[in-house]
Amino acid sequence: MTTTATARTDRTTRSAPSALQLEAVRVTYPDGREADGSPRIATALDSADVAVDRGEFAVVLGPSGSGKSTLLSVAAGLVVPEQGRVLVDGTDLTALGERRRTELRRERIGVVFQQPNLLPALSVADQLLVTGHLGGLRGRRLRAQQERAAELLERVGMAEYARRLPHELSGGQRQRVNIARALFTRPAVLLVDEPTSALDHDRARSIVQLLVGVTRELSVATVMVTHDDEFAADADQVIRLRDGRIMDPQESPVGA
Ligand SMILES: Nc1ncnc2c1ncn2[C@@H]1O[C@H](COP(=O)(O)OP(=O)(O)OP(=O)(O)O)[C@@H](O)[C@H]1O
Ligand SMILES: [Mg+2]
């Protein structure tokens with residue numbers, strides 16, 4: 001009986017892809033010209049293999065310029081890799097045309113950048129609703145979306161600020177709204193780039209705790225980029241980058 005259960009688990013594991021998978025991804029950027037005038041390229045990410053499951057909190061660490069933001073951009077479908085594949089819930093982003101890729105990004109991927117890019121003229125609640133492309137929604141369906149926005153704002157501790165404008169919020173509060181907005185479409189994947197760099201230690205900690213909490217509760221695959229080694233302790237998986245390559249877990253990050 002044990003054998004049967006194990007066999008079933010193995011099969012399930014094999015057939016269910018991770019929510020986010022990068023396979024042998026390589027990203028290059030043009031980088032001026034060689035001495036002989038030929039175009040020079042810089043490799044920002046090379047041979048990157050990443051798999052993050054729903055409910056898993058992965059942290060990306062590495063020095064400035066090591067490729068952390070590039071990894072998030074390629075995972076978000078904002079940058080198309082020169083080589084390799086990027087799969088979101090099993091769909092290969094690199095095989096899609098521009099329009100389908102944008103659609104998939106809107107529906108399945110939530111993104112939080114370092115600077116909360118909230119729309120200055122919209123209230124906190126409307127920041128979320130505008131994400132849902134609510135154009136023609138009326139009646140019950142509109143109310144359902146409004147309820148979803150209210151629930152998310154409650155979850156991130158911003159319910160009482162729903163009518164405020166972004167300039168009336170602190171940096172940490174704006175980042176909370178940003179997180180709620182990224183989760184509005186029930187994404188499979190949440191990509192977060194240095195969400196705490198503008199915050200003091202305690203506020204940074206509470207943002208990371210919020211991210212870990214929603215990762216579990218909403219069963220989203222979260223990848224957070226940070227400079228701060230301290231947050232490795234909160235991670236289910238730590239991805240260390242150096243010069244565009246993911247280091248083996250055994251390699252020492254110090255002085256390597
Ligand atoms: N749009 C671009 N055009 C050209 N080169 C780029 C571009 N974006 C990034 N790069 C280069 O790719 C490399 C990786 O950059 P990336 O932004 O991913 O680093 P990072 O680890 O996020 O750094 P930081 O911690 O400073 O944010 C760097 O050498 C950078 O100069
Ligand atoms: Mg960066």
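Structure values in brief
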quantity	calculated
Residues located in segment 170-187, provided they are crowded, with 23+ Cβ neighbours inside 10 Å and in a loop (DSSP other than H, G, I, E, B)	PRO187
Residue identified as aliphatic (A, V, I, L, M) and more than 16 Å from ligand 2 (Cβ to nearest atom) among VAL74, VAL52	VAL52
Residues of segment 61-87 that turn out to be polar (S, T, N, Q), under 19 Å from VAL112 (Cα atoms) and either more than 7 Å from ligand 1 (Cβ to nearest atom) or open to solvent by less than 10 Å² (accessible area, probe 1.4 Å) (or both), as a count	1
Any hit, segment 189-198, residues being at pLDDT 95 or above, away from ligand 2 (no atom under 16 Å from the Cβ) and under 18 Å from the mean Cα position of the chain (by Cα)	yes
Candidates ARG240, ARG164 - the one that is modelled with pLDDT of 90 or more, open to solvent by 30 Å² or more (accessible area, probe 1.4 Å) and within 16 Å of ligand 1 (Cβ to nearest atom)	ARG240
Selection within segment 40-56 - surrounded by fewer than 20 Cβ atoms within 10 Å (Cβ to Cβ) and either touching a helix residue (DSSP H, G or I) at 6+ places or on another chain (Cβ under 7 Å) or of a type in the set (D, E, K, R) (or both)	ARG40, ASP46, ASP49, ASP53, ARG54, GLY55
Residues of segment 199-237 satisfying the condition of being open to solvent by less than 10 Å² (accessible area, probe 1.4 Å), under 14 Å from the mean Cα position of the chain (by Cα) and in contact (Cβ under 8 Å) with a residue 60 or more places away in the chain	LEU211, THR215, VAL220, ALA221, THR222, VAL223, MET224, VAL225, THR226
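The values are calculated or read from the model by the stated rules, or taken from the named source; none is laboratory data. This one's a predicted model, so the numbers in the text were calculated from it and none came from an experiment. Please note: Cβ atoms are built from the backbone with ideal geometry, for glycine as well, and neighbour counts cover all protein chains shown. Protein only, heavy atoms only, side chains kept; ligands, DNA and RNA dropped before computing areas. Shrake-Rupley method; radii C 1.70, N 1.55, O 1.52, S 1.80 Å.
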